[in-house]
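Student: Just dropping this structure here.
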Amino acid sequence: MAQQVKIFAGNASHTLAKKIAEAYGLPLGDLSIQRFADTELGPSFNESVRGCAVFLIQSTTPPAENLMELALMVDAAKRASAYKVNIVMPYMGYARQDRKDKPRVSIGAKVVANMIQSVGADRLMTCDLHAGQIQGFFDIPVDHLDGATVTAPYIKSLDLDDLIFASPDVGGVVRTRAFAKKFGAEIVVCDKMRLRANEIASMQVIGDVAGMNVVLVDDIVDTAGTICKAAELLMERGAKSVRAVITHGLLSGPAHERIRNSALEELVITDTIPLKEENHKIRVISVANLFASAIRNVVTHESISSLFV
């Protein structure tokens with residue numbers, strides 16, 4: 001007998017979770033999260049999950065509180081005798097801390113992996129990790145979805161001529177090349193040097209963009225300093241237009257103001273993280289159908305890669 005499926009949402013992803021549940025064909029499950037006076041969290045399921053395949057949807061931004069909330073949700077489901085507890089984490093916080101890039105620092109992504117597994121999660125489903133090899137930090141199945149599945153069709157719909165794709169840094173070349181391959185297009189690279197986190201010292205373009213419609217590709221836009229500087233530089237080098245396609249819109253601090261005042265034609269993001277402020281230059285494309293299809297394939301033991309390969 002097939003296991004009954006139940007989908008629940010954490011506080012960080014309620015809107016997206018509702019869309020995913022609707023696309024799957026289920027109502028969102030009834031979950032309460034009590035907040036104590038000292039901000040302690042206490043999740044409780046208001047319906048039985050005994051013997052069910054439970055999917056808990058929660059992006060972890062801001063990461064500290066939402067990770068703790070998610071861990072408590074997993075623990076509550078396990079103690080309520082759920083058959084399988086699957087984490088659906090559209091955006092994984094701490095994924096940028098994926099290695100020791102200087103002495104005496106933590107590897108945050110590994111800590112998150114350990115935390116998720118220690119509370120008893122059976123599977124992780126996520127989208128566009130900062131580095132694909134983060135999957136190796138986990139000893140449980142990881143379904144790594146490709147955000148380009150939903151963003152590439154929009155760029156194709158624009159029917160842009162003289163199209164070229166740009167990576168905003170050397171580390172994003174593989175991601176940009178994979179995106180460009182869908183269009184049979186070439187890529188250029190914006191090589192940047194940082195003084196410190198979120199602060200760029202210098203940037204240069206490797207490749208020719210004169211007379212081209214440029215699409216910048218990245219996984220995360222945080223304060224938007226890199227992407228806006230890259231757009232300005234590409235326009236100075238003779239580009240006809242510059243757009244950006246980025247999966248996770250953190251959009252912290254001065255990001256919105258920078259984007260409004262930037263050379264960007266538009267910024268295309270997904271709804272893995274809810275947009276907190278309206279911005280006429282930002283277009284949001286939903287990943288709800290992608291995640292609903294992935295959940296369905298997990299339940300029916302079908303291929304996940306068939307959704308985007």
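The values are calculated or read from the model by the stated rules, or taken from the named source; none is laboratory data. Not measured: the values here are computed from a predicted model. Note that we place each Cβ from the backbone using ideal geometry, even for glycine, and neighbour counts take in every protein chain shown. Side chains included, ligands, DNA and RNA excluded: accessible areas come from the protein's heavy atoms. Shrake-Rupley method; radii C 1.70, N 1.55, O 1.52, S 1.80 Å.
Student: Which of (1) assigned to a strand (DSSP E or B); (2) over 22 Å from the mean Cα position of the chain (by Cα); (3) crowded, with 17+ Cβ neighbours inside 10 Å does ASP218 not meet, given it meets every other one?
Tutor: Looking at each condition in turn, ASP218 falls short on (2).
Student: Test SER252 against the criterion of being modelled with pLDDT of 95 or more, under 21 Å from the mean Cα position of the chain (by Cα) and under 18 Å from CYS127 (Cα atoms), and give yes or no.
Tutor: Criteria not met by SER252.
Student: From the list SER293, SER262, pick out the single residue that is surrounded by 16 or more Cβ atoms within 10 Å (Cβ to Cβ), of a type in the set (Ser, Thr, Tyr) and part of a loop (DSSP other than H, G, I, E, B).
Tutor: Residue meeting the stated conditions: SER262.
Student: Output the number of residues of segment 261-309 satisfying the condition of being charged (D, E, K, R) and touching a Leu at 6+ places or on another chain (Cβ under 8 Å).
Tutor: Selection size over segment 261-309: 5.
Student: From the residues in segment 138-164 that are of a type in the set (D, E, K, R) and free of Cβ contacts under 8 Å to residues at least 24 places away in the same chain, which one is surrounded by the most Cβ atoms within 10 Å (Cβ to Cβ)?
Tutor: ASP139
Student: Here is a further query. Condition test on ASP101, is it open to solvent by 30 Å² or more (accessible area, probe 1.4 Å), farther than 15 Å from SER13 by Cβ, acidic (Asp, Glu) and not in a loop (DSSP other than H, G, I, E, B)?
Tutor: no
Student: Residue pairs, Cβ under 9 Å, 6 or more apart or interchain, first in segment 30-47 and under 13 Å from VAL74 (Cα atoms) and touching a residue at least 60 places away in the same chain (Cβ under 8 Å), second open to solvent by 90 Å² or more (accessible area, probe 1.4 Å) and assigned to a loop (DSSP other than H, G, I, E, B). List them.
Tutor: Partner pairs satisfying both residue conditions: none exist.
Student: Run MET193 past the list (1) surrounded by fewer than 16 Cβ atoms within 10 Å (Cβ to Cβ); (2) within 23 Å of the chain's Cα centre (by Cα); (3) hydrophobic (A, V, I, L, M, F, W, C) and report the number of the one that doesn't hold.
Tutor: (2)
Student: Name the single residue that is nearest to ASN86 (Cα to Cα) among those in segment 265-284 being open to solvent by 30 Å² or more (accessible area, probe 1.4 Å) and outside any loop (DSSP other than H, G, I, E, B).
Tutor: VAL284
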